[in-house]
Structures are given as structure tokens and as C-alpha cells.
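J.: Quick one: the structure is below, and I'll ask about it shortly.
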Amino acid sequence: MLQEAKLMAFVAIRDERQATDFYSGVLGLKKVSADSFAVVFDSGGVTLRAALVKEVAEAKYTVLGWQVKGIEDVVRGLAAKGITFERYAFLQQDESGIWNAGTDKVAWFKDPFGNLLSVSEHMG
């Protein structure tokens, strides 16, 4: 029923300015609109609706992720913009924070609200 429908993503935020500074200023997403309920961004043709909430519930899992080419360059670029990549003792990550899972590489980071985000490159 939904296989032909365009997917949109949601993320919880507490502050419009902080969300705009991060998602548009740091990550480079185009800000489409803002109102008293959400800030809307475009990410490669996918709508990201950053919903304003009183409190962001911390998820212990990835809530948003981007598939990229050249993950090492992407991670370097984001780090240069002040992004700190998460480290997990149970994963073997390289010095940049990238985990190589064989056919996939993944690196995780958080937005200003504590949402866990990722970039990944699928090799196979």
C-alpha cells in the first residue's frame, strides 16, 4: 500500500534556532519552513520534520541516518565542523569513530538534543 509513497522522517527538537544551526548550518540540509510545531528540512529530496517538543526522550538507538559515499571524507568534514563521533567499547572503531562491519561502515554522532544520528557507507 505504501511502496510508492514518499517516506518522510521525524526527529524531536527543543529549539528552532539550535535545530536550524545544526541541521542546516552544520549538516547542510535546506531549511524549507518553520512554524510553532516544527522546522522542516529537505535532505536529498526527503522531508525531515524536526518536531518541537518540551522534552526529547533519549533513544539508545539511531533515529536518523544518511547513506554516504566516501564515509572517511564525510566524517572528516563533519569533525571539522565540530561534530564529535560516538565511541562504543563493544565495537572496533577506527581513530575517526568509524566501525567497519565488513560490508558496511558506520559512524554515529548526536545532535544538540541528544538524538543519535549516523552516516553509513554500504560496500556490498
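Derivation of every value follows stated rules applied to the coordinates shown; laboratory data play no part. For clarity, every value in this text was computed on a predicted model and none was experimentally measured. Neighbour counts are summed over all protein chains in view; Cβ atoms, including those assigned to glycine, are modelled from backbone coordinates with ideal geometry.
J.: With a sphere of radius 11 Å drawn around the Cβ of residue 85, what net charge do the other residues whose Cβ falls strictly inside it have (Lys, Arg +1; Asp, Glu -1)?
T.: Net of charged neighbours comes to 0.
J.: Here is a follow-up. Return the subset of 60/105; 69/105; 30/105; 30/110; 31/105; 30/69 for which the Cα-Cα distance in this structure is over 22 Å, preserving the input order. Please list the in-between numbers first.
T.: Working: 60/105 19 Å; 69/105 10 Å; 30/105 26 Å; 30/110 19 Å; 31/105 28 Å; 30/69 20 Å.
Pairs exceeding 22 Å: 30/105; 31/105.
J.: Here's a follow-up. With the contact rule set at Cα under 8 Å and sequence spacing of 6 or more, what percent relative contact order holds for the chain?
T.: That works out to 24 percent.
J.: To the nearest 20 debye, what charge dipole does the stretch 77-118 have about its Cα centre, counting +1 at the Cβ of each Lys and Arg and -1 at the Cβ of each Asp and Glu? Kindly include the intermediate steps, with their values, before the conclusion.
T.: Numbers: 4 positive and 5 negative charges, 18 e Å.
Roughly 80 debye, rounded to the nearest 20.
J.: Under the rule of -39500 (n - 2.57) per DSSP H run of 4 or more residues, summed and divided by the residues of the chain, what mean residue ellipticity at 222 nm is obtained, to the nearest 500 deg cm²/dmol? Spell out each step's value before the answer.
T.: Numbers: 2 runs with 14 residues, N = 124.
Helix contribution divided over all residues of the chain: -3000 deg cm²/dmol.
J.: Next question. Compactness ratio of the chain: Cα Rg over 2.2 N^0.38 Å, N = residue count?
T.: That ratio works out to 1.09.
J.: How large is log10 of I(q)/I(0) for the stretch 83-124 at q = 0.27, 0.33 Å⁻¹ when the intensity is taken from the Debye formula with one equal scatterer per alpha-carbon?
T.: Log-scaled intensity ratios, in q order: -0.95, -1.17.
J.: In the stretch 1-70, which trypsin sites (Lys or Arg not before Pro) fall in coil by DSSP and have 11 or fewer other Cβ atoms within 10 Å? Intermediate values should be presented prior to the final figure.
T.: Numbers: sites: 6, 14, 17, 30, 31, 49, 54, 60, 69; in loops: 6, 14, 54, 60, 69.
Loop-located and lightly packed - 6, 54, 60, 69.
J.: Could you work out how far apart the two model spin labels at residue 36 and residue 58 are, taking each label as a point 7 Å from the Cα in the direction of the beta carbon, and quote it in nm?
T.: Computed distance between label sites residue 36 and residue 58 equals 3.1 nm.
J.: Along the charge dipole of the chain, Cβ charges K/R +1 and D/E -1, which of 109, 7, 19 sits furthest on the positive end?
T.: 19
J.: Treating the beta-carbon of each Lys and Arg as +1 and of each Asp and Glu as -1, no other charges, what is the dipole magnitude of the stretch 1-110 about its Cα centre, to the nearest 20 debye?
T.: Charge dipole, the stretch 1-110, about its Cα centre: 120 debye, nearest 20.
J.: Just to confirm the number: angle between the C-alpha axis of helix 71-80 and the first principal axis of the chain, 0 to 90 degrees, nearest 10?
T.: For helix 71-80, the angle is close to 60 degrees.
J.: Which residue, 91, 48, 29, has the most motion in a Gaussian network model of the chain that connects Cα atoms within less than 10 Å?
T.: 91
J.: With a 10 Å cut-off between alpha carbons and a GNM built on the chain, which of 19, 79, 51 moves the most?
T.: 79
J.: Net charge near residue 13: determine it from the other residues with C-beta under 14 Å of the C-beta of residue 13, scoring Lys and Arg +1 and Asp and Glu -1.
T.: -1
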